[in-house]
Amino acid sequence: QVQLVESGGGSVQAGGSLRLSCAASGHTFKSYHMGWFRQAPGKEREFVASVSWNGGSTFYADSVKGRFTISRDNAKNAVYLQMNSLKAEDTAVYYCAARWILGSDGGYDYWGQGTRVTVSS
């Protein structure tokens, strides 16, 4: 069982920056790849970024490439999302998720409760 808690959301002006944090419980954090997803009002949840178990590989949605950076600190059981040059379309609830490294279907196994990000233009 993995418990995930996001924090760091808030309201910012377009062009500003924000850093989201995700704190994970347990002693098996390194057994999971980690990802960030977001869901805007009235829209489906979408992939934002992911990082492998040891931080060696990262992936980003085209919409955030060059602006967002995902990272993790396994010693602190934490994953982060640094968001720069924010746009109004980045407004959404952001979710942290964990995927077991030996999983075969590509799906995420655990999800946080979400943290809200609002970007005003």
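Touching a strand residue (DSSP E or B) at 6+ places or on another chain (Cβ under 8 Å), open to solvent by less than 60 Å² (accessible area, probe 1.4 Å) and of a type in the set (D, E, K, R): does that describe residue 72? It is true that residue 72 is touching a strand residue (DSSP E or B) at 6+ places or on another chain (Cβ under 8 Å), open to solvent by less than 60 Å² (accessible area, probe 1.4 Å) and of a type in the set (D, E, K, R). Scanning segment 25-38 for residues that are under 14 Å from the mean Cα position of the chain (by Cα), closer than 21 Å to residue 105 by Cβ and open to solvent by 10 Å² or more (accessible area, probe 1.4 Å) turns up 32, 33, 37.
Here the condition is being open to solvent by 60 Å² or more (accessible area, probe 1.4 Å) and either on the phi > 0 side of the Ramachandran plot or among the charged types (D, E, K, R) (or both); of 114, 56, 66, it holds for 66 alone. Confirm whether residue 88 is at pLDDT 95 or above and surrounded by 14 or more Cβ atoms within 10 Å (Cβ to Cβ). Answer is no for this residue. Residue 95 falls short on exactly one of the conditions (1) out of contact with any Ser or Thr (no Cβ under 6 Å at 6 or more places or on another chain); (2) surrounded by fewer than 14 Cβ atoms within 10 Å (Cβ to Cβ), and that condition is (2). Being of a type in the set (Asp, Glu) and either touching a helix residue (DSSP H, G or I) at 6+ places or on another chain (Cβ under 9 Å) or modelled with pLDDT of 95 or more (or both): is that true of residue 105 here? No; evaluated as a whole, the condition is false for this residue.
Tell me whether segment 40-49 contains one or more residues that are open to solvent by 20 Å² or more (accessible area, probe 1.4 Å), more than 17 Å from residue 116 (Cβ to Cβ) and in contact with a strand residue (DSSP E or B) (Cβ under 8 Å, 6 or more places away or on another chain). Taking every residue of segment 40-49 in turn, at least one turns out to be open to solvent by 20 Å² or more (accessible area, probe 1.4 Å), more than 17 Å from residue 116 (Cβ to Cβ) and in contact with a strand residue (DSSP E or B) (Cβ under 8 Å, 6 or more places away or on another chain). For segment 7-17, does any single residue satisfy the condition of being at pLDDT 95 or above and buried (at least 20 other Cβ atoms within 10 Å of the Cβ)? Looking for residues that are at pLDDT 95 or above and buried (at least 20 other Cβ atoms within 10 Å of the Cβ), one finds none in segment 7-17, hence no.
The values are calculated or read from the model by the stated rules, or taken from the named source; none is laboratory data. Keep in mind that what you see is a predicted model, and the values were worked out from it rather than measured. Don't worry about glycine lacking a Cβ; one is built from the backbone with ideal geometry, like all the others, and counts go over all protein chains shown. Keep in mind that these areas ignore ligands, DNA and RNA; they rest on the heavy atoms of the full protein, side chains included. Shrake-Rupley method; radii C 1.70, N 1.55, O 1.52, S 1.80 Å.
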